[in-house]
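Student: Just passing along the structure, written as structure tokens.
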Amino acid sequence: MEKEQAAKLLDKAALICVSKHSGQRDKVGEAYFQHPMRVAMRCATAEQKMVALLHDVIEDCGVTAEDLLAEGFPQEVVDGILSVTKRPGESYEEFVERAKQNPLGRVVKLHDLEDNLNALRLDHFDADMAARYNKYLAARRSLQF
């Protein structure tokens, strides 16, 4: 992908991320869009960053793969987003294994888990968070290269 096209699509991905997650809060009360932004900052390539910025919009915001293709995102990027979108009825382990099969999805899911595991930003660490933390650690081990 050309640098100029990548820059335009990154801008578009950031705008979609912020607008679609507008008003959403994470488990500690922060604006949710900050999570995909942090994940994107960990990524190396423009395509990884696009997937990171948009990794929750299909699952959480009613956006479709067709919407993203219509916005001009390449099939490779949309496939990466789909690989990190949990399907109804899919176990978490199946989901992680599927993400692992896509080169973009694997990198983005790994960075997503790293951000989710950042316990330094958590005010409290209850039993539910401990269980989630252990689930994310196991998934991260599975995804590592």
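Values in this text are rule-based calculations from the coordinates and carry no lab data. It should be emphasised that the depicted structure is a prediction, and the values quoted were computed from it without experimental measurement. Quick reminder, even Gly has a Cβ in these numbers, built from the backbone with ideal geometry, and neighbours come from all protein chains shown.
Student: Gaussian network model of the chain, Cα springs within a sub-10 Å range: biggest mean-square fluctuation belongs to which of K27, K49, K100?
Tutor: Per the Cα network of the chain with a 10 Å cutoff, K27 tops the list.
Student: Let me ask another. For the cross-link pairs K49/K100; K3/K27; K12/K135; K20/K109, which exceed 26 Å when the distance is taken from alpha carbon to alpha carbon? All intermediate terms of the calculation are to be shown ahead of the outcome.
Tutor: On the way: K49/K100 17 Å; K3/K27 36 Å; K12/K135 32 Å; K20/K109 20 Å.
Violating the 26 Å Cα-Cα cut-off are K3/K27; K12/K135.
Student: Hey, of [x] 1.01; [y] 4.14; [z] 1.73, which did the structure itself give for Cα Rg over 2.2 N^0.38 Å when calculated?
Tutor: [x]
Student: Right, something else. D128: net charge of surrounding residues, Cβ under 13 Å, Lys/Arg +1, Asp/Glu -1, itself excluded? Spell out each step's value before the answer.
Tutor: On the way: positive: K27, R132, K135; negative: D126.
Around D128, the surrounding residues sum to +2.
Student: In degrees between 0 and 90, to the nearest 10, how far off the longest principal axis of the chain does helix 3-20 point, with axes built from Cα atoms?
Tutor: On a 0 to 90 degree scale, this one is about 50.
Student: Could you size up the charge dipole of the chain around its Cα centre, putting +1 on the beta carbon of Lys and Arg and -1 on that of Asp and Glu, and report it in debye to the nearest 20? List each step's numbers first, then the result.
Tutor: Working: 20 positive and 24 negative charges, 81 e Å.
Dipole about the Cα centre, nearest 20: 380 debye.
Student: Summing -39500 (n - 2.57) over the DSSP H runs of n ≥ 4 in the chain and dividing by its residue number, what mean residue ellipticity at 222 nm do you reach, to the nearest 500 deg cm²/dmol? Please list the in-between numbers first.
Tutor: Numbers: 9 runs with 95 residues, N = 145.
So the helix-based figure for the chain works out to -19500 deg cm²/dmol.
Student: Length gain on complete extension for the stretch A70 to K3, per 0.36 nm per residue less the alpha carbon to alpha carbon distance? Please list the in-between numbers first.
Tutor: Details: separation 67, 0.36 × 67 = 24.12 nm, distance 2.02 nm.
Working it through step by step, the gained length comes to 22.1 nm.
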